[in-house]
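The values are calculated or read from the model by the stated rules, or taken from the named source; none is laboratory data. Because the structure is a prediction, the values reported are computed rather than measured. Cβ placement follows ideal geometry from the backbone for every residue including glycine, while neighbour counts extend to all protein chains displayed.
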Amino acid sequence: MSEASTAPPATARGGQDLPGPSADRREQLSTALVVGAVVVAVAVAVAVTPNFLSVDNVRAILRNAAIVGIVAVAMTPITLSGNFISLGTQQSAMAAMVIFIALVGTGWPPAAAIAVVLVALVAVGVIQGLVVAAGLNPVITTLAAGAIIFGVVADATDGQIVRVGEHAVSWGNSTIAGVPLEVLVFLLFTIAVGTFMTKSVSGRRMVLAGANRETAEVSGISFRRVTIGAFVIFSIGLAIAGVLSGAGFGEATIQSLSTLTIESLAAILVGGTAITGGYGSPWRSAGGAVLIAVISNVMVLNDFSTGGRLAVQGAVVVIVVVLLEWLRRRREVR
């Protein structure tokens, strides 16, 4: 049976809107809220931090937003497909970073090292996708995978710092027309994933599977394929983030990218993606990453403690999620 042979109901599980005028309006409201939050955050930052708009600081914000944003955008298909989130994010990205640096440090050409990282991360992603599709809880699966990856890398490196040494990657901190390389990659990756999710048949199937799995199955959509596809996209994003971080820093340890999991999840939630699936946007996840980067930067410049920064980030996530849910319920009442 083809995907188009069965018309989806007006709403999905949990009252979420499926594609239609109501869903389009909700998309517009959510996008406006995320953009508005970024604008407000920047305005407050400028008011309380005199050097906030300096060229060096803006570049620092964009670099931080890029790595978190790539991962958040890559995780969005997992959440949209109804597979919740990954709790093995930092460990996988760290592994990609360590593998890349280790290979380059022994004389491998960067291109070959990147290929190995991509193959390794995608293989791990496919295995996780198969396990989740078989029925195991995705949170438990990714948590376990993260623990295994961390243990393997820790044992392989003996907990020591891995360095590129004399084989530093020339493009690690490069800019193009004044824009950091990772920011351009972030933009291109967001365009690619956003276009895939909205314009391709496979992307729309992921959204439908997350919005209403029963309808998706009746329509002939394989939840197994959808899940594996989502994990492959996620793994590619993790590989890219790990390679860019490795090229930029030139060294890595098992503690590298330690806040990546919480920051990428915060970006997704602030971007309005429904944790149960079926509603969200890679573009808004990217916007969420920018918002988190701006807030983090302001707190660092104003000497907030680590605990204070995490508390404020958590508060921002709660406020935005509550506002999005309030808007959704208002539309349902109407």
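General remarks:
- Subset of segment 105-128 (residues that are more than 16 Å from Gly250 (Cα to Cα) and in contact with a Phe, Trp or Tyr (Cβ under 6 Å, 6 or more places away or on another chain)): Gly125, Gln128
- When Ile148 is tested against the conditions (1) in a loop (DSSP other than H, G, I, E, B); (2) under 26 Å from the mean Cα position of the chain (by Cα), the lone failure is (1).
- All of Ala72, Ala102, Ala96, Ala66 fail the test of being in contact with a strand residue (DSSP E or B) (Cβ under 9 Å, 6 or more places away or on another chain), of a type in the set (Gly, Ala, Ser) and crowded, with 24+ Cβ neighbours inside 10 Å, apart from Ala66.
- Positions within segment 82-105 being in a loop (DSSP other than H, G, I, E, B) and either in contact with a Leu (Cβ under 9 Å, 6 or more places away or on another chain) or closer than 15 Å to Ser235 by Cα (or both), in sequence order: Asn83, Ile85, Ser86, Leu87, Gly88
- Looking across Leu257, Leu238, Leu244, one residue alone is part of a loop (DSSP other than H, G, I, E, B), touching a residue at least 12 places away in the same chain (Cβ under 8 Å) and surrounded by 22 or more Cβ atoms within 10 Å (Cβ to Cβ). It is Leu257.
- Taken over segment 272-323, the criterion of being assigned to a helix (DSSP H, G or I), among the hydroxyl-bearing types (Ser, Thr, Tyr) and without any contact (Cβ under 8 Å) to a residue 12 or more places away in the chain is satisfied by Thr306 alone.
- Residues located in segment 54-64, provided they are assigned to a helix (DSSP H, G or I) and either in contact with a Phe, Trp or Tyr (Cβ under 7 Å, 6 or more places away or on another chain) or without any contact (Cβ under 8 Å) to a residue 24 or more places away in the chain (or both): Val55, Asp56, Val58
- Of all residues in segment 52-62, none satisfies being modelled with pLDDT under 90, in contact with a helix residue (DSSP H, G or I) (Cβ under 9 Å, 6 or more places away or on another chain) and not hydroxyl-bearing (Ser, Thr, Tyr).
- Residues that are more than 13 Å from Arg284 (Cβ to Cβ), of a type outside the set (Val, Ile, Thr) and surrounded by fewer than 19 Cβ atoms within 10 Å (Cβ to Cβ) were ranked within segment 24-51; the one that is modelled with the lowest pLDDT is Asp24.
- Against the criterion of being free of Cβ contacts under 8 Å to residues at least 40 places away in the same chain, charged (D, E, K, R) and assigned to a helix (DSSP H, G or I), Glu217 qualifies.
- Subset of segment 174-226 [out of contact with any Phe, Trp or Tyr (no Cβ under 9 Å at 6 or more places or on another chain) and among the small types (Gly, Ala, Ser)]: Ser174, Ala177, Gly178, Ala192, Ser200, Ser219, Gly220, Ser222
- No other residue among Val169, Val119, Val132 is surrounded by fewer than 24 Cβ atoms within 10 Å (Cβ to Cβ) and either in contact (Cβ under 8 Å) with a residue 24 or more places away in the chain or within 30 Å of Val46 (Cβ to Cβ) (or both) apart from Val169.
- Selection status of Ile176, closer than 30 Å to Ala216 by Cβ and without any contact (Cβ under 8 Å) to a residue 12 or more places away in the chain: no
- Scanning segment 212-234 for residues that are within 30 Å of Val117 (Cα to Cα) and of a type in the set (Ser, Thr, Tyr) returns Ser222, Thr227.
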